[in-house]
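As structure tokens, the structure follows; a few thoughts come after it.
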Amino acid sequence: MNWPILTVLLLVPVAGALLLLALPGARPGAIRAILMAVTAVTLGLSCVLLVVFLAVPTSGTAKLSGTANGQALSQVHSPVTFQFQEQVNWLHSGASLSQVHPAFNEGNNAFNQAGPPPINFSYHVGVDGLSVWLIALAGLLFLVAAVVLSRKEERLRSFAVLMLLSEAGVIGVLTSLDLVLFYFFWEAALIPLYFLMIGWGDERRGRSALKFIIYTVAGSLFMLLAIIGVYFVTGAQTGVYTFDVPTLIAAQSFVQSTHATTFSLFGHSFPALNPQDWLFLAFALAFAIKVPLVPFHGWLPDAYASGKTPFLVFFTGIVSKLGAFGFIRYNLTLFPQASHLFQPLLMGLAVASILYGALAALAQSDIKRTVAYASISHLGFVVLGIFALNIDGLNGAIIQMVNHGLIIAALFICVGIFEARFGTRRLRDLGGLAKAMPVMAGIFLVVALAGLGMPLMNSFVGEFLILLGAFQVSPAWAVVASLGVILAAWYMLRLYQGLTQGPLRIPGGGDDSTPAAILGRLGRVDLSPVEIVALAPLVGLMILIGVYPGPIIRYSRYSADQYVRAADRSTGQDPVLSTASARIIRPDQAGGKSSR
Amino acid sequence: MNPTLILVLSAIVLGLPTAGFAVSAISAGRLPHRLVAWTGPGVILGAFVATLIIFVAMLQQPASSRGITVVFWHWLNTSVASGHGVAAQTGFNANFSIRIDPLSVLMMLVITGIGGLIHVYSVGYMAEDPGFNRFFAYMNIFITSMLLLVMSNTLVFLVIGWAMVAFASYALIAFWYERRSAVVAGRKAFVTQVIGDVGLYLGAFLIFLNLRGAHGQLLHTVNMQTIFANVGPGAHFHDGLGPLGGGMVTAIGILLFLGAAAKSAQWPLHTWLPDAMEGPTPVSALIHAATMVTAGVYLVARFHPIYQQAPVAAGLVAFIGIGTAMMAGIIGCTQYDIKRVIAYSTMSQIGLMIFAVGVGAYSAGMFQFFTHACFKALLFLAAGNVIHALHDDQDIRLMGGLSKRMKATFVAFTVGSLALAGIPIFAGFFSKEELLGSGLALGPAVPWLWVVGVLVNVLTSFYIFRVVWIAFRGEPRSEHAEHAHEAPLLMLLPVLVLAGLATVVGFLNVDFAGFAPITLFSAFLKPVLGVPAATASDTAGALALLAGFLLSVGGIVLVWAVYGRGLISRELVPNHLPWLYQLSFRKFYWDEIYDVALVRPTVSLATVIRRVIEPEVMDGALGGIRDSIAALADDFRTFQTGFLKDYATWFFFFAVVGLVILGLRLS
């Protein structure tokens, strides 16, 4: 692959947004067609990426120049391998701007210069077995969102533009390999999302959007501080001042972070937190808000309840994955010791989210809020898998991120259809709708089953691996978490049966409430062809992944293994380096497929 | 056996019902009923034929080489190979492979054979139902799931089949979804099944993580044949449970049994079964008699290498089995819903099977499963004829006098009752005597568990002949009973076939008390299940036989005395032992206990979260922060113009300022 596919992937939605902006007089049909075309091209590109992605990566390098522990650092394996890397130095004091593609910058000795630390960040993108799936998921969900977006939507053009900008932001977050770039996209994605939230939705959307922005910005601020902190702490200890992610990941092998000092509290002695731990917590806070984990979830139910369906498709489907993605990409790799130190905390929060979300879902009377809390519960499983810190848990988390995206998007399309058809979100106003909408009931059943972790459907695979991974760390937690599986069956059936089964019931049933009379008054309310087209790929993938999950794992397992190894490093020892130190690393071997 | 042939045939066995499901489901009810009336039962009978071919091919082989494993596809593998500078890492790894051996073929024959008969019957029973196609879709997927469960050689696919069975059973119980009670019963069944599933998951985890091979290396496998091969005496379990002594294998046994208890409606996960009678009657026959509820028996028999290493777990299984058998028998004596009586009878009989496999009489347990599948499906289908004729009345107090109006059904139901009660020549006699004889020889608490098991006999014949007497004898007690007609031929034929089977299949295995043994059945299963560790002596066996027989007859005599001749007042127990009557009539209060102990606390907690914690704590804490920010924000309100370009300008302004400050600081 000799062309910069990731940059193209990033630019296509932006170009689409610009195109729409340049056509102020376009008819709704044309706007929708352009939107669908642009998202379809993005999906196509992400599929190309999947096709040419290497399941077994060649080894990668991150070149370090500097000293640590009194020894010179020359060439170090990056514990995590990225493919399709593109790097353009952006702001780089002390060296000229040069494009280095595909491998890392050769002969860059700026780090060795005496004097104040240089600022060094670059446009650096790349993917691994984690992000490649999330990019594909994003591509699919934005297309599905474009399909369910009605051409009668008010201010359609603005909606489409903001949607494409969010897509670019999401892809940027997933592909960036530089912390400054990452932060830029992280915030940049927020802006269109905020405007989508405040501009479209129910009457409480203003409050929801404000809540969302307060929470997220609070988390982001801590993350910004932490990004700067990582820069200085890593630099001070290794002489490597950079925002470049692969370099930072490699450099962490040489960062001292033993917990030599302790303090005692309530008669127990705890390790005193060192800078890495604080930085870990700051990143974790930002990601925990984004996921969200209980108790940082306050923004979610309101945001999910008041959003429009097309917005929710990608907002719930992919934006919520960015937090989990951040945990894997940054917390595990940049703070190996802290990841292990805080493993019980994060697993505890994950289990709390699973149970709390499930119980809250069980009590909701609003169908959208039921799904919102279900989402919290499901994402608790993802974080549980991540912080199991083993390959089963992490592979489970990766596949479950994809699964959750498919399921939650489909669930919101379904409840959105019920809301749109009957003008209510109250569970008790509706019932027995299978009589009126048999196709809807059938598809909704499949989606609900996937949502409750039905075997031979996708989320069983993820939950099984996650629970297996967690079980290896702590059987007790796995057992408690599996209560979430039982509760999931309960709340999902409550939702499904409440809507589709029992006596037929719609709001304002009128005088004659016999089923036949209601059916006659309703007319044709079953799924329209467009809705079936939107749901079909999601439902198909739910079954396909459940029956044959092998391909996803085949792509994710090497990356998962690398992340686990990255988190397992202890100070001064690079297990990767030690096994590979005898090998000479040639630049043309670096950087995966992009170097061929 | 030729692996390719077996692969193709098993693909047909699994594929045909799946195809039937897919066609009915995707066509969303648009296919003509007359077509589905052929394809629905057709695919099952096709699978039966394929199973028969496998069976015949198997019989050609010597007993020692009747097991074969074939792989369908690689499901997933999280392991990574060494290379690229790092060592290999072993993770979870599973194939979709199936096992064809005498045990799975026996199950497949029953599932597709009896299942096929029930499908044929359903064509008649459901003919008028608008959900005809949906019904056959669910029935077909149920058969697929059940076949997957018994054919799987991978623990994960066993779990998958296990849970798909639960789904199919949910869908069929809640088939008449306009009925509130059916919807609730379906949900109850499903959630109970999920509890059992979780037990299976956890048991699978323990096996996967802890089983060691001959050299002490961790095997990390979910291949059931590999597991069994390494669980023999001296098994290398990485024992993390310590003081229990073989604690790991005991824990595995108990966790697996949690799954078995949920499927087989054993205490403490039994309460869903009676409510499941909300489904159409063929469903009760298929799921709640012949197949699904016996999955627990299959599981324990299949995993007998583990239970043989875990005497504590096996003892618990036996104890729960016999306890459930007794409890369900007592409850059955006071119920009035014809299907519920049969349902409790099922629970009771399966308790006996679970008891048998718990004490190590695997073959006897499977034989009881086999005969029970015949006579219990017979009872349900015959009851279905009655219910059909009475326009969905299920209360035996509204019946009466049906023996004259529905002669064939009456004969069939009586044959089923005789078989169930264990009266000689009928199937249940042989299987139950073998079962109780083995129990006598092997039971952990001999002879007490055996005594309880024999006492169940008297209850069995009492409750079932009570139904025969009240429903079929005497005068009609309702308009519908007055005008009842015999069922149409399509519904009568499967019933008569089953009646024939219930009469003769017992002779497949006649081996007790010194009679000349016929051991076709147990010899067939021997390569998988082995032989019991001990058999009862002839004298003890003969005594056991006599006692069981006399008690069964005693039950019938008791019915005759109470309901036939009125020698004993019907009010005797209600008047003199009201607590016992209430205990039985109220089903030992388990529903109430679970409601108070589990359901209500969960719902209350959920409500507290929704009404208190979410608005007060989660939003409240934020509210304080938000209010102070809002106060601050008032001062900056002038920034909020509402125009995107203003925001963008400010964003870039501050970004640039920030970068400049950063740059100045650093350089």
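Tabulated data for the structure shown
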read-out: Low-density loop cleavage sites - trypsin sites (Lys or Arg not before Pro) in segment B:1-110, where at most 16 other Cβ are within 10 Å (DSSP); value: B:Arg30
read-out: Within chain B, longest stretch clear of exposed chymotrypsin sites (Phe, Trp or Tyr not before Pro) (DSSP loop, no more than 13 other Cβ within 10 Å); value: B:1-514
read-out: Within segment A:342-579: Cβ-based charge dipole about Cα centre, in debye rounded to nearest 20 (Lys, Arg +1; Asp, Glu -1); value: 340
read-out: Volume per residue of the C-alpha convex hull in segment A:111-250, rounded to whole Å³; value: 117
read-out: In sequence order, calculated HN-Hα J values of segment B:152-163 (Karplus, 6.51, -1.76, 1.60; Hz; x Gly/Pro); value: 4, 9, 10, 4, 5, 6, 4, 4, 5, x, 3, 7
read-out: Two-decimal Rg to Rh for segment A:420-525 - Kirkwood Rh, Cα set; value: 1.16
read-out: For residues of B:156-162, the mean tally of beta carbons on other chains within 10 Å; value: 3
read-out: Residues whose placed amide H lies under 5 Å from that of B:Trp75, excluding near-sequence neighbours; value: B:Ala94, B:Asn95, B:Phe96
read-out: ³J(HN,Hα), Karplus 6.51/-1.76/1.60, whole Hz, each residue of segment A:381-397, x for Gly, Pro; value: 4, 4, 5, 4, x, 4, 8, 5, 6, 9, 5, 5, x, 6, 4, x, 5
read-out: Peptide-level mean, for B:92-104, of C-beta atoms on other protein chains within 10 Å; value: 1
read-out: Peptides ranked, highest mean first, by Cβ atoms within 10 Å: ranges B:602-612, B:259-269; value: B:259-269, B:602-612
read-out: Separation of alpha-carbon centers, segment B:410-438 and segment B:104-123, rounded to whole Å; value: 21
read-out: Extension gain, B:Trp38 back to B:Val56 (0.36 nm per residue minus Cα-Cα distance, nm); value: 3.9 nm
read-out: Chain B, helix-only ellipticity at 222 nm - DSSP H runs n ≥ 4, -39,500 (n - 2.57), divided by all residues, nearest 500; value: -21500 deg cm²/dmol
read-out: Across B:Lys339/B:Lys587; A:Lys152/A:Lys308; A:Lys211/A:Lys290; A:Lys152/A:Lys435; A:Lys435/B:Lys339; B:Lys263/B:Lys376, pairs whose alpha-carbon gap is larger than 20 Å; value: A:Lys152/A:Lys435; A:Lys435/B:Lys339
read-out: Estimated vicinal HN-Hα couplings, Hz - segment B:608-613 in sequence order (Karplus 6.51, -1.76, 1.60; Gly, Pro = x); value: 4, 4, 6, 8, 10, 5
read-out: Positive dipole terminus of the protein assembly as shown, leading residue within A:Ala448, A:Val217, A:Leu177 (C-beta point charges); value: A:Ala448
read-out: Other-chain or far-sequence residues with amide H under 5 Å of A:His124's (modelled H); value: A:Val88, A:Leu177, A:Asp178
read-out: Calculated over chain B: convex hull of Cα atoms, volume per residue (Å³); value: 250
read-out: Solvent accessible area, Å² - A:Leu210, 1.4 Å probe, full protein context; value: 80
read-out: Whether the protein assembly as shown is rounded, prolate or oblate, judged on the alpha carbon gyration tensor where a/c under 1.5 counts as rounded; value: prolate
read-out: Estimated FRET transfer efficiency when R0 is 56 angstrom, pair B:Val603-A:Arg27 (beta carbons, to 0.05); value: 0.60
read-out: Positive-end residue, the protein assembly as shown charge dipole about Cα centroid, Cβ charges, pick of A:Ala226, B:Leu496, B:Pro62; value: B:Leu496
read-out: Gap separating the Cα centres of segment B:124-189 and segment A:319-363, nearest whole Å; value: 36
read-out: Among A:515-525, B:321-331, A:36-46, the order from most to least packed when residues are scored by Cβ within 10 Å on average; value: B:321-331, A:36-46, A:515-525
read-out: Semi-axes of the equivalent ellipsoid for segment A:342-579, Cα gyration tensor, largest first, Å; value: 40, 18, 12
read-out: Euclidean distance between Cα centres, segment A:381-412 to segment A:154-222, Å; value: 22
read-out: Peptide A:467-474, shielding by other chains (average Cβ, 10 Å cutoff); value: 4
read-out: Backbone N within segment A:339-382 under 13 Å of label point (7 Å from A:Val480 Cα along the Cβ vector); value: A:344-356
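The values are calculated or read from the model by the stated rules, or taken from the named source; none is laboratory data. This structure is a prediction, so every number in the text was calculated from the model and none was measured. Backbone-built Cβ (ideal geometry, glycine too); neighbour counts: all protein chains shown. To get the accessible areas, we keep the full protein, side chains included, count just its heavy atoms, and leave off ligands, DNA and RNA. Shrake-Rupley method; radii C 1.70, N 1.55, O 1.52, S 1.80 Å.
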